[in-house]
Number of protein chains: 2
Amino acid sequence: MIQKKISTAVIKRLPKYYRYLGDLLENDVVRISSKELSNRMGVTASQIRQDLNNFGGFGQQGYGYNVEYLYNAIGKILGLENKYNTIIVGAGNLGQALANYTNFDKRGFEVKGLFDVNPRLIGITVRGIEIKDLDEMGSFIKENSIDLAILTLPKQKAPKVANDLVSYGIKGIWNFAPIDLKLSNKNVIVENVHLLDSLMTLSYNIKERI
Amino acid sequence: MIQKKISTAVIKRLPKYYRYLGDLLENDVVRISSKELSNRMGVTASQIRQDLNNFGGFGQQGYGYNVEYLYNAIGKILGLENKYNTIIVGAGNLGQALANYTNFDKRGFEVKGLFDVNPRLIGITVRGIEIKDLDEMGSFIKENSIDLAILTLPKQKAPKVANDLVSYGIKGIWNFAPIDLKLSNKNVIVENVHLLDSLMTLSYNIKERI
DNA sequence: TAGATTGTTAATCGATTAACAATC
DNA sequence: TAGATTGTTAATCGATTAACAATC
């Protein structure tokens, strides 16, 4: 199927739609118009309709959108019906916190393994998963069909391990290291969470107010 | 001083410039042209020059930019010379992980207090800071001139606590709860880190590759 | 001075918003 | 049928890129 390229601006808004629709669903709202949704979300109704129509016509003239149907449709677009076998590489504070974060499981991201180089961490169990030595990562990925790696290593170690992950056949890296990974294989998807960048943006905006 | 409004697109790129310049500085690079920096960062040289010129002329024709000077200038634009007294509200896994994250201190974000409602957490010490009851938050903010709150509560509790924070005079909220906070005071800055949104974006992109 | 590279204006591109015919 | 609201085209707006004169 030939699909027109969807802009990243649109893609980044999909989870927000999904979130709001999930809330509506929890509150037993059955239908919603783009206008009403636009009021709640603080975006234009036009944008909502444009965004959704990149993926198909989910609404009905004169009626609006069925909340449950649209919620499920967006979930499917986002690939949330898939299950992703996940490992966390870097079992420090952040890695362990993410391992304990149950919301990820709910969306199909299941943590199967935890890895670190620190001998003081290896052997410790977090949420029923034993932290393993980084040396074992390659075989673990293959044996357990790991799709996704969460990278919570310091920036010095991140690039090498990232390329190892690529060579072991991983499909995506959720990167928390404060560095832009340059991977050898362009088919591996990297999504960055640069926490410090976000914090600096906050700092900028606070400063502007003073 | 009347300053023209800087677009958020530009502001969000500043931390990335700051990061690359920091790396260059670590590697004792003295000067860099917009062209060379554009190669490294994977953006256009034109964009770099445009972005920087929103804040002033930092370069020199025929020479380029002095790395250290530009690094410090951007740091100042981002407000990193300021010190921010910070509290973390929600001392679960994520809250504790962030409390332990030393990179924030380096940028002037100093964690002064940790708060939670869970009696099993109250009294525990994380990185030398005792977790306090949420009831004590208001007086603590005033007594310790807290500027910033990191919100790592579940989404049910986040809106109320956020508005409490506003009423106690906080300047900014770094929000990790999966909800868009609607605050009573528009002068309080909110910066969202929606981890699940980021993960869903990754999921979408992986799915598109398959 | 000649070469390099900025700062800045102008051109292009893409994303957002407005408008409205189609239709439930 | 009349009213509401979508899907979609057209208009607008803003952001990015290209070009080049200014100048170190």
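The values are calculated or read from the model by the stated rules, or taken from the named source; none is laboratory data. Predicted model, so just to flag it, every value in this text is computed and none were measured. Here the Cβ is made from the backbone with ideal geometry for all residues, glycine too, and neighbour counts use every protein chain on show. When the accessible area is computed, the model is the full protein with side chains, heavy atoms only, and any ligands, DNA or RNA have been set aside. Shrake-Rupley method; radii C 1.70, N 1.55, O 1.52, S 1.80 Å.
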Note to self: I'd like the residue in the range A:39-58 that is touching a residue at least 12 places away in the same chain (Cβ under 8 Å) and more than 9 Å from DNA strand C (Cβ to nearest atom) and, out of all such residues, is surrounded by the most Cβ atoms within 10 Å (Cβ to Cβ).
What the structure shows: A:52
Notebook entry, point to check: Of the numbered conditions (1) out of contact with any strand residue (DSSP E or B) (no Cβ under 8 Å at 6 or more places or on another chain); (2) at pLDDT 95 or above; (3) closer than 15 Å to residue A:205 by Cβ, residue B:159 satisfies every one except a single condition; which is it?
Noted result: (3)
Check: Between residues in the range B:91-103 that are on the phi < 0 side of the Ramachandran plot and residues that are surrounded by fewer than 23 Cβ atoms within 10 Å (Cβ to Cβ) and of a type in the set (Ser, Thr, Tyr), which pairs lie under 8 Å by C-beta distance while being six or more apart or on different chains?
Finding: B:93/A:101; B:94/A:101
Checklist line | Single residue of the range B:149-166 satisfying the filter (more than 19 Å from the chain's Cα centre (by Cα) and part of a helix (DSSP H, G or I)) that is farthest from residue B:194 (Cα to Cα) | finding: B:164
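Can you name the residue in the range B:16-30 that is free of Cβ contacts under 8 Å to residues at least 12 places away in the same chain and not basic (Lys, Arg) and is also surrounded by the most Cβ atoms within 10 Å (Cβ to Cβ) among such residues? Even if it seems obvious, please write down each step before you answer.
Start the filter on the range B:16-30 by keeping residues that are free of Cβ contacts under 8 Å to residues at least 12 places away in the same chain, which leaves B:19, B:23, B:26-28.
The next check asks that each one be not basic (Lys, Arg); those that pass are B:23, B:26-28.
On the way: B:23: 16, B:26: 8, B:27: 8, B:28: 8.
Out of the qualifying residues, it is B:23.
Take residue B:33 and decide whether it is away from chain A (no Cβ under 14 Å) and open to solvent by 40 Å² or more (accessible area, probe 1.4 Å).
Numbers: away from chain A (no Cβ under 14 Å): yes; open to solvent by 40 Å² or more (accessible area, probe 1.4 Å): yes.
Yes, satisfied.
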Check: Of the residues B:72, B:100, which single one is within 16 Å of DNA strand C (Cβ to nearest atom) and surrounded by fewer than 18 Cβ atoms within 10 Å (Cβ to Cβ)?
Finding: B:72
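Of everything in the range B:167-179 that's outside any loop (DSSP other than H, G, I, E, B) and touching a strand residue (DSSP E or B) at 6+ places or on another chain (Cβ under 8 Å), which residue is surrounded by the fewest Cβ atoms within 10 Å (Cβ to Cβ)?
Going residue by residue through the range B:167-179, those that are outside any loop (DSSP other than H, G, I, E, B) are B:167, B:172-175.
Narrowing further to those that are touching a strand residue (DSSP E or B) at 6+ places or on another chain (Cβ under 8 Å): B:172-175.
Values: B:172: 24, B:173: 25, B:174: 25, B:175: 22.
Across the range B:167-179, the extreme among qualifying residues is B:175.
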Notebook entry, point to check: Can you tell me which of A:141, A:122, A:146 is without any contact (Cβ under 8 Å) to a residue 24 or more places away in the chain, outside any strand (DSSP E or B) and away from chain B (no Cβ under 11 Å)?
Noted result: A:122
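Considering only residues that are of a type in the set (Ser, Thr, Tyr) and more than 10 Å from chain A (Cβ to nearest Cβ), look in the range B:1-30 and name the one that is farthest from DNA strand D (Cβ to nearest atom). Spell out how you get there, then give the answer.
Filtering the range B:1-30 down to residues of a type in the set (Ser, Thr, Tyr) leaves B:7-8, B:17-18, B:20.
Next, from what is left, pick out any that are more than 10 Å from chain A (Cβ to nearest Cβ): B:7, B:17.
Details: B:7: 3, B:17: 13 Å.
So, considering only residues that are of a type in the set (Ser, Thr, Tyr) and more than 10 Å from chain A (Cβ to nearest Cβ), the one farthest from DNA strand D (Cβ to nearest atom) is B:17.
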